[in-house]
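Please treat every number below as a calculation from the coordinates, not as lab data. Treat the numbers as computed from the prediction; the structure is a model and nothing was measured. FYI the Cβ positions are ideal-geometry reconstructions off the backbone, even for glycines, and counts take in every protein chain you see.
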DNA sequence: CATGAATGAGTTTTCATTCAT
DNA sequence: TATGAATGAAAACTCATTCAT
């Protein structure tokens, strides 16, 4: 079983070295409020006034807590990437099987994503905005590490015979990474919402097996649910 | 073979009934320029001045051709949706097999998407902006038809035994539709770019069969390439 | 005497129910400045920059206090109409004689007009602009009440024999209402200016008796000054 | 009877000396179209594009006929004032009785006004705009002549005992001139409209006699209708 | 004469940010 | 910490006017 090959460790709290944030209660609360708005409409499309309104203060007052709107964004994005990268590194470290590693990456990423919805929306909506600024250079760095990890696991799986040998590793990475990010951006109406585990299982099944009915119900076949 | 079951017809030029656009040479050129910018940065993030700069005129001069920035967006979006819906309808009409219909949908959508890159970026970046305005009500209508079509084909495929019967049709639709849209939003550097047919084949393979090596090399198995 | 039949009450401060205006010192001052400009040149012909200049700030800074130029206009117009209507209602309520009621209407209107010069200029200059917008629907409503009041008093006076029975009530109303509004729009150079009571007495005399020398110096004749 | 004392002459076509207008058919038609729009919304509030639209041409094409929007206004205003002044001069010349002169002034002005609705609206809406420009200096000149004429007739009537001797001539002039202009600015819905003679009679009656029922039906009393 | 395309100065409005109180 | 008032740069849009064709 996949899980057996993977020594799952709980990710330690990522050391947020990036910003020297005087993490007060109030401040953290404001970041959360801002994040909710960013998650809905994106970073640029959200005004500081809207953030202040949500907090019940005036827009100017936000500047006692942050020196710019961007520094709020910075805080959210770096926290997200710290989390995600920690998950990727742990998956690679703890799993010696590429299929298991990818499953672990998907699961840990999904967890990170659900806790950092704002960050993802920001990356999707405002990538061109952030990636152009030196302050956010770490975004590109992190993306490169993520790509490297995926490609390595996919190539390894091809060599080991687990994955189809006609896979284009980089193309598949791009598709899978983006696929993985899709559900997070869904603004779900509570009633119709799918549960996270529903989604992640659906995703894993899709990724590994596609939508087609298996040709032969081969007994050795293991789908993502058999855990 | 999939293609056999599908009476592929070339899509007739979609009658642009939606907007009575007095299409002049210059005007069409300006829409194209604007579209390129929208595709890169989104609709809101693109200023009319940038569009005008690209055209080598002053921003105010754009209003000789359009009565608002939004009407440029309108033109792009409605043209896109006309094309996409035409493709969906043709696929359903011409294919009596859900697998073939979906393959046809994917192929026609991909073609439409590659010709309307701006539209997709706009929908992804600025959905909340557009969908809130009465003028763009047709966006919601079109999306509903798209969803209906996917769900119907998936359900039919489940009943006919072609697709796994544990598929959640709506969840799968959301995933597949978004997956389909992914590659279009990639701003590719020419050198590294994948060809469209590479991408669409990769996608179809992924959708139908996943990334895993087939358990048994069943002879009746048909992958997306065997056409 | 006219005044005898009229139980004059001081108009209570009109409850400004219409707009929930967060009235600050500064804000009120800005409205006054804007009003002065509107009174001189009309609403549309006055730019926000001129208002800002008058206040010694930048045009954008006005939007800290108002969300649009129109909302300044709204504030001025609704305050005016509240006042005017209060005067009309009080006149009808307190006077049981149409001649007295009309005199009272003229006097209260004149007072209101002199305090709201901007509003009148705006109605005269920019009626087509305002009356077309849903936001200013109350303008039409108020005008209808004003017309109804005049016509009722004139008709009543005709029945009671106080007014000529060949008066066309609606025509006379239109003339008298507009006549009443005339002097307010005069931008008077201080030196040549007439006093308000001079004007209102001149007006009343004109309205009731015309300019012709009375045929017979009838002893029972009462002119508007004999109060 | 008033009319007896007044030797009415038809006003000769005013020599339009002001602008060297190559009065072509087309041009005159355009001025009329523009005038209709100015009459409805004022001069500034009407755009050249609206004028061009009304004429079925593009806005730029107007400049083949006029060198500026203002020159259209000039044409309308000067034609109006030529007519009005001609009427005033004729009235003074032909009538030796101030009451008759004023009646004649009212009647000729009314005729002129009904033929030049645009001009009046322009003067009322855009007086500050025009009166500030050297090009329109003749407006002030004309107004002065109009004032002089009224005041002279009123003073003369006071001396001759026809008018109340407590009349303030200048105040009364301002009131009467503006009163006279009122009905012209009414944009009447055809159904409810009053006929011009209805209005002018109502006006004259009002001016000379007011709205009050005559104290004694003195036989020598003459109202405005007894012609 | 008219078109089609453009100019350029001006309009209202937005918004991140600053700062004295 | 928060307020209230402001800045300044940029946004979308308007409009009289020009001019080559």
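Quick notes on this structure:
- Pseudo-label separations to other copies for residue D:94 - Cα-to-Cβ vector, 7 Å, nm: 5.0, 8.5, 10.8
- Shortest-first distances to equivalent copies, position residue B:61, nm, label 7 Å out along Cβ: 2.3, 3.7, 4.9
- Residue by residue along A:30-42, Cβ atoms of other protein chains within 10 Å of the local Cβ number 1 on average.
- Nearest beta carbon of chain B to the B-to-C rotation axis, with distance in whole angstrom: B:134, 7.
- Given their separation in residues at 0.36 nm each and the Cα-Cα distance between them, residue A:114 and residue A:128 gain 2.7 nm when the chain is fully extended.
- Per residue of A:194-203, other chain Cβ atoms within 10 Å of the residue Cβ number 2 on average.
- Taking the number of Cβ atoms within 10 Å of each Cβ as an exposure proxy, the fewest-first ranking of D:41, D:144 is D:144, D:41.
- Among C:195, C:170, the ranking by other beta carbons within 10 Å of each residue's beta carbon, starting with the fewest, stands as C:195, C:170.
- Cα centroid separation, the stretch C:101-118 to the stretch D:112-139 (Å): 28
- Per residue of A:45-53, other chain Cβ atoms within 10 Å of the residue Cβ number 1 on average.
- Neighbour counts of other Cβ atoms within 10 Å put A:143, C:122 in the fewest-to-most order A:143, C:122.
- Inter-copy separations for residue C:114, label at 7 Å along Cα-Cβ, nm, ascending: 3.8, 7.4, 8.0
- Given R0 = 22 Å, the distance between the Cβ atoms of residue C:59 and residue C:26 translates into a calculated FRET efficiency of 0.90.
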